[in-house]
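Data block below; observations after.
The values are calculated or read from the model by the stated rules, or taken from the named source; none is laboratory data. Remember, it's a predicted structure, so these values are computed and weren't measured experimentally. Ideal geometry is used to build each Cβ from the backbone, glycine not excepted, and the neighbour counts take in all protein chains shown.
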Amino acid sequence: MFAILHALGMFVADLFKSRTRLEAENLFLRHQLTIALRQAPSRLRLRGGDRALLIWMTRIWPDLLGFAQVVQPETILRWHRTGFKAFWRWKSRKRAGRPTIDRGLRDLIQRMSKENPQWGASRIHGELLMLGFEVAQSTVSKYMVRDGTPPSQSWKTFLQNHAEAIAAIDLCVVPTLTFDRLFAFLVLGHGRRQLLWIEVTRHPTAEWLARQITEAFPWTSAPAYLVRDNDGAYGHVFTSRVRAMGIRDRPISPQSPWQNGYAERLIGHCVASAWTEC
């Protein structure tokens, strides 16, 4: 913290100096740095304040990465990524998570699914509720025994048969310098796997998402099906707008991001490209 305050004080003081004086000081300090690096050990130990100052200055002026001599530019970028992960890990540390399921209940779900292969998760869930077990349908689906053969047409077959008439949407998180979050909304056409629309906001409300759908599919270009996840941002306003445009809304199953795999892969590619550009 002292290093940051000292640097800010020097910056304010430099505002009152002439350009010639600043250039002379810059040359003099660079020569001293060159002398110091000749006798410095192979690996310098930097304090937390020193790292924070380097990250802050290179994010405001990215061109300064080319002048880094104490550490490599890749090291400064790695510090920023590590700080972003640590900040959000600290912010979400109090989440308790889901309650554990009793072993006996799990065995009962597996037994019912084995003895009744035609029963789905909804049927088993209803039977358990009548027996007095308070359990979610997603939990029943998680612990059911699968025989490997789907009872009907698979999701992959549906995507292949209707690729030209399907569009997929998703939201991804974009980190900022101040460890804040921006939300990018992407629309992908399954026919040619083409990015049709992208927009960024800080607060993805249902009204904003509904407006983006209208902008992405003007006039008669709306697809027949829309694949999306079960994010809470897609509220009643969004679903009503999609229905009014003649689009059949197709949310994926809970905890099944592979059902929207094309959009997920596009987001992963965009995130990797963004870090590479940095």
Open item on the list: Which condition from (1) in contact with a helix residue (DSSP H, G or I) (Cβ under 9 Å, 6 or more places away or on another chain); (2) at pLDDT 75 or above; (3) part of a helix (DSSP H, G or I); (4) farther than 30 Å from HIS190 by Cα is the one that LEU129 breaks?
Closed with: (1)
TODO: Would you check which residues across the stretch 216-234 are assigned to a loop (DSSP other than H, G, I, E, B) and not acidic (Asp, Glu) and list them?
DONE: PHE217, PRO218, TRP219, THR220, SER221, ALA222, PRO223, ALA224, ASN230, GLY232, ALA233, TYR234
- [ ] Enumerate the pairs (first residue in the stretch 154-174 and surrounded by 13 or more Cβ atoms within 10 Å (Cβ to Cβ); second residue anywhere and of a type in the set (Lys, Arg)) with beta-carbon separation below 6 Å, excluding pairs fewer than 6 apart on the same chain, so at least 6 apart or on different chains.
- [x] ILE169/ARG228
Open item on the list: Considering only the stretch 203-214, I want to know if a residue exists there that is under 15 Å from the mean Cα position of the chain (by Cα), surrounded by 15 or more Cβ atoms within 10 Å (Cβ to Cβ) and in contact (Cβ under 8 Å) with a residue 60 or more places away in the chain.
Closed with: no
